[in-house]
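First up is the structure itself, then whatever we jot down about it.
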Amino acid sequence: MQRTTRNILFVSSEAVPFAKTGGLGDVCGALPKILKKLGHDVRLVLPRYWSMSHKAHDLEWEVSPMEVQMGNCILWCGVLKGWIEDVPVYFIEYEKFFGRAGLYDDGYHEFSDNAARFGFFSRACLQLCRSIDFKPDIIHAHDWQTALVAPYLKIWGSDREYFRNTASVFTIHNIGYQGKFPADVYDFLGLGLENFTESKFECHGRIHFMKGAVFYADAITTVSPTHAEEIMTGIGSNGVAQYIERRRKDVFGIINGADYDHWDPDNDPLISQQYSLVHFSGKAFCKETLQREFNLTVDPGIPLIALISRMSYQKGKHLLIPIIEDIVHHMRVQFVILGKGEKHMEDYFGGLPARFPGRIGAWIGYTERKAHVMQAGADFLLMPSLYEPCGLNQIYALRYGTIPIVRDTGGLRDTVIQYNEQDGSGTGFMFHNPTPSAVYNTVGWVVSTYYDRSPHIDAMRKQGMGESFSWVDSALRYEKVYTHALARRKVWA
Ligand code: ADP
Ligand code: GLC
């Protein structure tokens, strides 16, 4: 069948290699490249954060100055241009909003002007299209930071003609962050007083970015089929289920792919020895390297469990706090922990290595290298998430022969196959209840399997390494969503 190629503008607040605080950056760095390979004219827009230097990232001026009309004023910004492989990336440069350390917060508190920063960014993306004369068929926006793109496309009169045939797709990566702000920024955003209603932007007297996108976008996606169902039910939606449910016909769940150019032990330059399903012996050396790097007792025979994630409630690390000491007292197991986030969790986990030398290692912070070294060296990856729209780390873990231990939710359910004790099949261990005792019992199950049924562990590693979460499959699904969105756009117009 003949495929239609389209003009697609990706609008995001993060994309690897320029800016990343989590999986959003991985996805927005990878998916445009694949869509480009499929023949589309894809371009990406990011804010130009303070951390991006012209020199290091080879950025050049594209437009300067560019006028951006907000609701009650005009702002003047600049636009730089760089590349991710052959995908052009435009950077909106506006010192007052983005010339500071941190993407959304200063490490302790969210920036108080986030609504204005990202509302402006969303407007600027539309202005950019006009300035460089790029008429997108699709604008694909991600999470609350760019949630206003879809509304602006439909309620900003002066743009109406230019974007008459442009449809919007809004992807929810993390429903825990919806963009709720005091309403005093509403005039600046210029969304129209008539739209400050409960079904669109208003939420208990505040402005709610994500609700606005859910109302106006031509299609809404999230990053796994199970999570798509979850966000339309009360339990999984963090309060917005009723609005998303109204759009059920336009809601799609598409699982993320993995960028195996970056996450494959067979060609990973960041690990101490490369390995694959066929040549697996390198993994043992990676385990030894990891044990040394985190000052653990070097022992090939002890199960080693890694945690690689933001220290937030979403990731369920707090479930471990009441039980990790009991686990280490009662089971012969080691832990390595990487991440930053909630201060009390950083303090707690950061203090464990001194109290359990040789058994628990921790690095409070995040480096890409350590994440790779841990994926390669660990036997297991623990993700007790309360909710997980997709989750990339368990997908990477599978490829590294590191067995995921996950809670049965969202994308974790869609990517991990439960271990079957009868025949050793499956790719991971899954538990249901978000409680410390469920985590404790599951780790007990894992450890006993490691010691008592080691052929099953080998079989699971192999089965997991054979799985493939290809971005091409996901990109082909997005193409279908784009077609759906364009059809819906016609009805709206
Ligand atoms: P999320 O996006 O919810 O953090 P994902 O599993 O989708 O979860 O993506 C995690 C990605 O972020 C992985 O590439 C992982 O290596 C990386 N990562 C994990 N912890 C951190 C952290 N504290 N800071 C930045 N990136 C992190
Ligand atoms: C979010 C989710 C995560 C998902 C990532 C990329 O931050 O928490 O589950 O994998 O976005 O889509």
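Give a quick list of GluC sites (Glu not before Pro) in segment 387-493 that DSSP marks as loop, anything other than H, G, I, E or B, with at most 13 other Cβ atoms within 10 Å.
Passing both the DSSP loop test and the Cβ count: Glu421.
Please report, in whole Å³, the volume per residue of the convex hull around the C-alpha atoms of the chain.
149
Lys and Arg at +1, Asp and Glu at -1: add these up for the other residues within a Cβ distance under 13 Å of Lys287 and post the number.
Computed value for this residue: -1.
State to the nearest 20 debye the size of the charge dipole of the chain about its Cα centre, where the only charges are +1 on K and R beta carbons and -1 on D and E beta carbons.
640
What order do you get for 9-19, 231-241 when each peptide is scored by the mean count of other beta carbon atoms within 10 Å, highest first?
The most tightly packed comes first, giving 9-19, 231-241.
In sequence order, what are the phi-derived ³J(HN,Hα) couplings for segment 214-225 according to the Karplus relation 6.51 cos²θ - 1.76 cosθ + 1.60 with θ = phi - 60°, rounded to whole Hz, with x for glycine and proline?
4, 6, 9, 5, 7, 8, 10, 10, 9, 9, 6, x
Tilt of helix 368-377 relative to the longest C-alpha principal axis of the chain, in degrees (0 to 90, nearest 10)?
Between helix and principal axis, roughly 30 degrees.
What does the extension gain come out to for Glu110 and Asn433, with contour length at 0.36 nm per residue minus their alpha carbon separation?
Full extension from Glu110 to Asn433 adds 113.2 nm.
Where the centre of each part is set by its Cα atoms, how far does segment 425-442 sit from segment 208-239, in angstrom?
When both Cα centres are located, 27 Å separates them.
Sorted by packing (mean other beta-carbon atoms within 10 Å per residue), highest first, where do 480-487, 195-202, 253-260 land?
253-260, 480-487, 195-202
Please state, to two decimals, what the Cα-based radius of gyration of segment 282-465 comes to when divided by 2.2 N^0.38 Å (N = residues).
0.92
Only bridges with both residues in segment 282-465 count here: give the DSSP antiparallel percent, nearest 5.
5
What percent antiparallel are the DSSP beta bridges of the chain, to the nearest 5?
Among the beta bridges of the chain, antiparallel pairing accounts for roughly 30 percent.
If I ignore ligands, DNA and RNA and count only protein heavy atoms, how much of Asp86 is accessible to a 1.4 Å probe, in Å² to the nearest 10?
80
Return one number: the angle in degrees, 0 to 90 and rounded to the nearest 10, between the long axis of the Cα atoms of helix 23-37 and the longest principal axis of the Cα atoms of the chain.
Relative to the chain, helix 23-37 is tipped by roughly 70 degrees.
Please state the relative contact order of the chain as a whole percent: Cα pairs under 8 Å, 6+ residues apart?
After rounding, I find 12 percent.
How do Thr289, Thr5 stack up against each other in accessible area, from largest to smallest, with a 1.4 angstrom probe?
Per-residue accessible area, sorted high to low, gives Thr5, Thr289.
I'd like the orientation of helix 471-492 relative to the chain: the angle between its Cα long axis and the longest Cα principal axis, in ° from 0 to 90, rounded to 10.
In the chain, helix 471-492 runs at an angle near 30 degrees to the longest axis.
Projected onto the charge dipole of the chain (+1 at Lys/Arg Cβ, -1 at Asp/Glu Cβ, origin at the Cα centre), which of Tyr440, Ile305, His142 gives the Cα projection farthest towards the positive end?
The residue sitting most towards the positive pole is His142.
Eigenvalues of the Cα gyration tensor times 5, then square-rooted: what semi-axes does that give for segment 8-57, in whole angstrom, largest first?
20, 12, 9
Using Cα-Cα distances under 8 Å and only pairs 6 or more residues apart, what relative contact order does segment 282-465 have, in percent?
Taking the mean separation of contacting Cα pairs over the length of segment 282-465, I get 22 percent.
Just to confirm a number: summing +1 for Lys and Arg and -1 for Asp and Glu over residues other than Ile321 whose beta-carbon lies under 14 angstrom from that of Ile321, what do you get?
Local net charge: -1.
Taking 60 Å as R0, compute the FRET efficiency from the Cβ-Cβ separation of Ser131 and Glu467 and round it to 0.05.
Efficiency for this residue pair is about 0.85.
Sorted by packing (mean other beta-carbon atoms within 10 Å per residue), highest first, where do 293-305, 369-381 land?
369-381, 293-305
I need the trypsin sites (Lys or Arg not before Pro) found in segment 151-192, filtered to DSSP loop residues with at most 14 other beta carbons within 10 Å of theirs.
Arg160, Arg164
Loop-only check: which chymotrypsin sites (Phe, Trp or Tyr not before Pro) in segment 55-157 are DSSP coil with at most 10 other Cβ within 10 angstrom?
For chymotrypsin sites (Phe, Trp or Tyr not before Pro) across segment 55-157 that sit outside H, G, I, E and B with at most 10 neighbouring Cβ atoms in 10 Å, the list reads Tyr108.
Only four residue types carry charge here, +1 at the Cβ of Lys and Arg and -1 at the Cβ of Asp and Glu. Report the dipole size of segment 282-465 about the Cα centre in Debye, rounded to the nearest 20.
With only Lys, Arg, Asp and Glu charged at Cβ, the dipole is about 380 debye.
Got a number for carbon plus sulfur as a percent of the chain's accessible area, 1.4 Å probe?
Of the solvent-accessible surface of the chain, carbon and sulfur hold 52 percent.
The values are calculated or read from the model by the stated rules, or taken from the named source; none is laboratory data. These figures come from a predicted structure and were not determined experimentally. Using ideal geometry, Cβ is built from the backbone for each residue, glycine included, and neighbour counts are taken over all protein chains shown. The area values use the complete protein model at the heavy-atom level, side chains included, leaving out ligands, DNA and RNA. Shrake-Rupley method; radii C 1.70, N 1.55, O 1.52, S 1.80 Å.
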